[in-house]
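The values are calculated or read from the model by the stated rules, or taken from the named source; none is laboratory data. This is a predicted model, so every value here is computed, not measured. Here the Cβ positions follow ideal geometry from the backbone for every residue, glycine too, while neighbour counts run over all protein chains shown.
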Amino acid sequence: MRAAPAEVLVSNDGQIQFGTYLMGEGTHIHGRQLTGWDDLPDLDDASVAMPSAHGAWPGQLLSGPRVLGFDFLIDDGRGTAGLPEILEGLRRATAVRQEESPLIIQLAGARHLLWGRVTRRALPADRKYTWGNPSGSVEWTCSDPRRYEVAEQVARTGLPAPEPGLDWHEAEADPPPGAEWELDWGGSATPGAVGIDNAGDADTYPVLAITGPVRRPAVINAATGAVLEYDITLADTDRLVIDTREGTVTLNDTAPRLYTATYRSSPERAFTLPPGETLLTFRAEEFTDTGALTVLWRSAWW
């Protein structure tokens, strides 16, 4: 799963954090307008026109990247004395980079996280650029158009354990008669399931971490019917991590194990958490009392 910044600097509406650089309210980079924030990204409509009737057969809607445009005004509060330093910091923070960086934005009380790259920067060299209060704009392109909650959620469950059943105390020499028998009705079963809440309005990708000992582990998504199952035996020191967004399966953080997926296993990228409650069940070929499933996710919004 993609990492959030080590330190979240955003604390108020109108602030933008890109990597470790803070812009917007309370900084020298005053925001004037942010475009593309609440807009739907461009959609690729795979609908097919009906050849002999009005309308079309509805096809899948797939989103393109989200493009955010930020127009700003620079004010150092000291005339032109601090302007070179502010401009240098802005240029460094918005330089060309190949990897996407965390982008946190808070507006109208809602704080969300994306990952993007700077694909445009404009700093017109007019009179204001020289004599103070220059204006400019930055454009980010986010390959994943969804907006996520900043805090990562975590849930855990073990493999199911059957109820111990009814104990009739047959070893007692003189059991009490009839209904007065001292019956032990057993404890509660361990269900081997965990509930996940996606509080947003878009599907989100979880990361699943399975620790041993466990043989042929499987995770079933009750909301979508998708199944992830792997023909692998994990020792008590092993950990299998399934990143459903990246479509990877890794053993102990180093060894790829995507090839261990069984015939009934769904594609990893098809294993998503829809908006609302989702029940994930954890199963294996042999039950143990130590195998465990950890689910990490963020709620997602369009």
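Only one entry of 98, 33, 60 meets the criterion of being under 19 Å from residue 302 (Cα atoms) and over 20 Å from the mean Cα position of the chain (by Cα), and that entry is 60.
Condition test on residue 118, is it at pLDDT 95 or above and in contact with a helix residue (DSSP H, G or I) (Cβ under 9 Å, 6 or more places away or on another chain)? Before you say what the answer is, go through the steps one by one.
Numbers: at pLDDT 95 or above: yes; in contact with a helix residue (DSSP H, G or I) (Cβ under 9 Å, 6 or more places away or on another chain): yes.
For residue 118, the condition - at pLDDT 95 or above and in contact with a helix residue (DSSP H, G or I) (Cβ under 9 Å, 6 or more places away or on another chain) - is met.
Give me a count of the residues in region 1-39 that are exposed (fewer than 12 other Cβ atoms within 10 Å of the Cβ) and in contact (Cβ under 8 Å) with a residue 60 or more places away in the chain. The qualifying residues number 3.
Among the numbered conditions (1) part of a helix (DSSP H, G or I); (2) touching a strand residue (DSSP E or B) at 6+ places or on another chain (Cβ under 8 Å), the only one that residue 282 does not meet is (1).
Just one of the numbered conditions (1) under 20 Å from the mean Cα position of the chain (by Cα); (2) buried (at least 20 other Cβ atoms within 10 Å of the Cβ) is not true of residue 212; which one? If we test residue 212 against (1) under 20 Å from the mean Cα position of the chain (by Cα); (2) buried (at least 20 other Cβ atoms within 10 Å of the Cβ), just (1) comes out false.
I'd like to know if region 59-69 contains one or more residues that are of a type in the set (Ser, Thr, Tyr), surrounded by 15 or more Cβ atoms within 10 Å (Cβ to Cβ), in contact (Cβ under 8 Å) with a residue 60 or more places away in the chain and assigned to a loop (DSSP other than H, G, I, E, B).
Let us first name the residues in region 59-69 that are of a type in the set (Ser, Thr, Tyr), namely 63.
Retained after the next criterion (residues that are surrounded by 15 or more Cβ atoms within 10 Å (Cβ to Cβ)): 63.
Next, from what is left, pick out any that are in contact (Cβ under 8 Å) with a residue 60 or more places away in the chain: 63.
Filter once more, so that each one left must be assigned to a loop (DSSP other than H, G, I, E, B): none.
Within region 59-69, none of the residues are of a type in the set (Ser, Thr, Tyr), surrounded by 15 or more Cβ atoms within 10 Å (Cβ to Cβ), in contact (Cβ under 8 Å) with a residue 60 or more places away in the chain and assigned to a loop (DSSP other than H, G, I, E, B).
From the list 244, 254, 250, the lone residue that is closer than 20 Å to residue 157 by Cβ and of a type in the set (S, T, N, Q) is 244.
All of (1) touching a residue at least 12 places away in the same chain (Cβ under 8 Å); (2) within 17 Å of residue 135 (Cα to Cα); (3) not in a strand (DSSP E or B) hold for residue 84 with one exception: (1).
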